[in-house]
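The values are calculated or read from the model by the stated rules, or taken from the named source; none is laboratory data. Keep in mind that what you see is a predicted model, and the values were worked out from it rather than measured. With ideal geometry, Cβ positions are generated from the backbone for all residues, glycine too; neighbour counts draw on all protein chains shown. Just so you know, the surface numbers come from the protein's heavy atoms only, side chains and all, with ligands and any DNA or RNA stripped out. Shrake-Rupley method; radii C 1.70, N 1.55, O 1.52, S 1.80 Å.
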Amino acid sequence: MKRMNLIPFLDLEQLNRPYMEQITQAITRVVRSGHYIGGSEVAAFEDELASYQGRSHVVGVSNGLDALTLILQAYIEMGVMKPGQEVIVPSNTYIATLLAVSHASLVPVPVDASIDTLNIDTSLIEQAIKPGKTAAILVVHLYGRTAWDDTIEQLAAKYGLKIIEDNAQAIGSRLVDGRMAGSLGDAAAFSFYPTKNLGALGDAGAVATDDSRLAHTVKTLANYGSDTRYHNIFLGYNCRLDPVQAAALRVKLPHLDSDNARRRHIADIYTRAGLAKNRLDDCAHNYHQYVILDEHRDELRTHLAAMGIGTDIHYPTPPHMQPCYKRLLEGITMPVAELIARQAVSLPIAPYLTDAEASFIAAAVNDFKGSHRG
Ligand SMILES: *Cc1c(COP(=O)(O)O)cnc(C)c1O
């Protein structure tokens with residue numbers, strides 16, 4: 001095969017290159033405004049994201065982990081949840097999902113993944129629910145694939161649970177009926193970490209909800225627990241969205257759908273080449289990651305690296321096997337999540353990739369699979 005230029009797993013400078021000039025102008029606007037905390041850029045971004053999501057309220061916050069933690073903490077302040085209650089989480093997720101639950105003095109209860117979706121196996125949720133003890137289901141649309149079916153809504157109604165979405169990876173993804181990830185449950189957390197589909201130039205995040213009391217509580221908690229100036233009703237935090245980040249995000253939000261469409265086009269090249277075996281066609285996927293499973297994962301990565309193709313692993317160790325959860329989650333096994341951790345490899349996926357690069361990557365993967373058959 002003909003060698004191409006190096007294809008890194010992800011090049012953030014190249015990702016932001018089309019927006020460089022507008023972002024620079026937007027940042028200059030913030031510098032000139034003299035408003036460096038809160039202000040009109042933050043308010044405008046909150047309005048624009050709320051209208052994109054079709055939700056009544058968006059509160060800009062410091063990052064995705066804080067967004068999740070603040071939602072749970074706000075439900076505790078509102079008396080909707082009590083410290084020590086349990087929250088159902090997927091076992092195949094980034095550690096932040098579980099950390100948020102722990103930081104809000106709640107208890108994460110991992111439920112194994114489905115090998116078809118790599119998301120939570122919804123048929124296993126009900127047996128993990130303890131009536132009265134379980135407070136919420138925290139769904140994660142991992143890799144951008146919506147983790148949603150009727151089971152989740154039915155169980156939430158049956159047991160009186162809140163549904164919270166970790167939408168860090170799925171901004172712009174939709175169900176087949178058109179409903180948007182991040183607008184499906186009671187509240188959703190967003191991350192604008194630079195590698196996410198809507199990436200800032202540093203840390204940033206948001207909470208979206210139709211619940212005005214929740215939105216107000218999150219906003220108050222994120223600002224020292226202060227409802228009016230120098231009056232603190234909660235033991236709050238400083239978790240506000242930076243106006244420089246808000247200004248940069250306002251440049252990129254209008255292009256999110258076209259960027260995601262370009263990712264889908266690249267993903268289709270991979271899928272048509274037969275790379276992914278799991279189901280991808282039952283939602284409008286934003287392809288935050290394109291993950292394939294391979295028994296010889298490490299050799300595959302070495303083979304691709306030799307051809308100049310960067311890859312990554314999401315994630316090499318499931319949260320329940322991390323040292324920080326050794327005590328709380330000691331002894332649990334999650335066979336599917338553990339298999340995914342052994343076999344998953346993420347291929348380059350970004351709006352700037354060319355069709356030729358995607359075809360080259362697909363051919364390189366198939367070349368390896370061919371030599372490992374039988
Ligand atoms: C990125 C991410 C987070 C955390 O977001 P930060 O902005 O990095 O704090 C949470 N959950 C998932 C699934 C993520 O991918």
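Data overview
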| quantity | calculated |
| --- | --- |
| Karplus (6.51, -1.76, 1.60) ³J(HN,Hα), θ = phi - 60°, over the stretch 74-84, in Hz, Gly and Pro reported as x | 5, 4, 5, 4, 7, x, 6, 10, 10, x, x |
| Where the stretch 34-98 is the region considered: accessible area per residue in Å², 1.4 Å probe | 34 |
| Estimated 222 nm signal from helices in the chain, with DSSP H stretches of n ≥ 4 weighted -39500 (n - 2.57), rounded to 500 | -11500 deg cm²/dmol |
| Antiparallel bridges, percent of DSSP beta bridges restricted to the chain (to nearest 5) | 60 |
| Whole-percent carbon and sulfur share, accessible surface of the chain, 1.4 Å | 52 |
| Ranking by accessible area, most exposed first, for H231, H35 with a 1.4 Å probe | H35, H231 |
| Normalised contact order of the stretch 207-340, rounded percent, pairs of Cα under 8 Å and 6 or more residues apart | 10 |
| Whole-number D in µm²/s for the chain (Stokes-Einstein; Kirkwood sum over Cα pairs; 25 °C, 0.890 mPa s) | 115 |
| Ranked by how many other beta carbons lie within 10 Å on average, peptides 96-104, 155-163 from highest | 96-104, 155-163 |
| Surface accessible to a 1.4 Å probe, per residue, for the residues of the stretch 192-350, Å² | 45 |
| Relative contact order, percent, the chain [alpha-carbon distance under 8 Å, six or more residues apart] | 22 |
| Inter-site label distance for H296 and I233 at 7 Å from Cα along Cβ, in nm | 6.2 |
